[in-house]
Amino acid sequence: MSGSNTAISRRRLLQGAGAMWLLSVSQVSLAAVSQVVAVRVWPASSYTRVTVESNRQLKYKQFALSNPERVVVDIEDVNLNSVLKGMAAQIRADDPFIKSARVGQFDPQTVRMVFELKQNVKPQLFALAPVAGFKERLVMDLYPANAQDMQDPLLALLEDYNKGDLEKQVPPAQSGPQPGKAGRDRPIVIMLDPGHGGEDSGAVGKYKTREKDVVLQIARRLRSLIEKEGNMKVYMTRNEDIFIPLQVRVAKAQKQRADLFVSIHADAFTSRQPSGSSVFALSTKGATSTAAKYLAQTQNASDLIGGVSKSGDRYVDHTMFDMVQSLTIADSLKFGKRC
């Protein structure tokens, strides 16, 4: 009898140990799986961006397939969920680059995303660390493969930016205003810069109104008014819902040799009392008030939120150096007071 009880006890002990081992292995496996929390697709005429947001940094591999042309992205240690399944529905018919998309569990450890293309592309993939309300992000930008053949000034600047050649393409000697007095000898060249765009929504209002949409509409209306003036030429850094890095915005203005660069924002603040419009200029001594500190923190984070693949570009250093010159700041404030 005692031998039988001993055998039963051993059996239960082994079963219990086996169950505990399976439980621990399952917990480890679950802990190692990344969770995709959002997928966003931003189509634009210059490039299309696909963003995959997750609770941890994703491991991925990207390659191309032909007949038909496709871009494939394999994401490791991820399980297919409803968020990933919903990506295909985000592909718009007017997307210049993506014809369709599908997602599936390629193997137990890998999710495969396949993008069928409308034209040959040059994909760029990079990771973004958490910032503001965003978690880890994997970003894929699809640029046209034949960008040099396209008459798109913005696309050309973006390509130079991605190559690290932006400073070479817009040398300081050719970036200043044109000869002659603006408004008398030649038209005044104005660059309107509606802030934010794409992944970077800017401030969000009580009823989900997004700053990027508001400032784009303001810029379009302002452009229409300026176009009615006979002695002015007007351009825009963006005319659609697209993210453009700060360096590229400034480079576009300098490429057109603009006399005036007007950055348009619809800022939020910690209090509801302020109303009307404001002019924000850099201070050579740092932020000088609570409002200035708040604006500096929110606006300077735009590139981090929107997502740039490079950092530490010397081009923006030269730009900022020019902006903090006392004469530039004084002229900016003088113009702002007239508005």
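The values are calculated or read from the model by the stated rules, or taken from the named source; none is laboratory data. Since this is a predicted model, take the numbers as computed values, not measurements. As a convention, Cβ positions derive from the backbone with ideal geometry for all residues, glycine included, and neighbour counts pool all protein chains shown.
Could you count how many residues in segment 42-63 are of a type in the set (A, V, I, L, M, F, W, C) and part of a strand (DSSP E or B)? Looking only at that region, the number is 4. Figure legend. Inter-residue proximity from segment 119-144: first residues at positive phi and surrounded by fewer than 15 Cβ atoms within 10 Å (Cβ to Cβ), second residues in a loop (DSSP other than H, G, I, E, B) and small (G, A, S), beta-carbon distance below 7 Å, spacing 6+ or different chains. Indicated pairs: A132/A301. Within segment 227-245, the residues that satisfy the criterion of being buried (at least 20 other Cβ atoms within 10 Å of the Cβ), among the aliphatic types (A, V, I, L, M) and farther than 10 Å from M191 by Cα are I242, I244.
Considering L225, L216, the condition of being at pLDDT 90 or above, out of contact with any strand residue (DSSP E or B) (no Cβ under 6 Å at 6 or more places or on another chain), among the hydrophobic types (A, V, I, L, M, F, W, C) and assigned to a helix (DSSP H, G or I) is satisfied by L225 alone. Figure legend. Inter-residue proximity from segment 191-210: first residues in contact (Cβ under 8 Å) with a residue 12 or more places away in the chain, second residues part of a loop (DSSP other than H, G, I, E, B) and among the aromatic types (F, W, Y), beta-carbon distance below 7 Å, spacing 6+ or different chains. Indicated pairs: G197/F243; G198/F243; E199/F243; D200/F243. Consider segment 234-256 and keep the residues that are out of contact with any strand residue (DSSP E or B) (no Cβ under 6 Å at 6 or more places or on another chain) and among the hydrophobic types (A, V, I, L, M, F, W, C). The one that is modelled with the highest pLDDT is I244.
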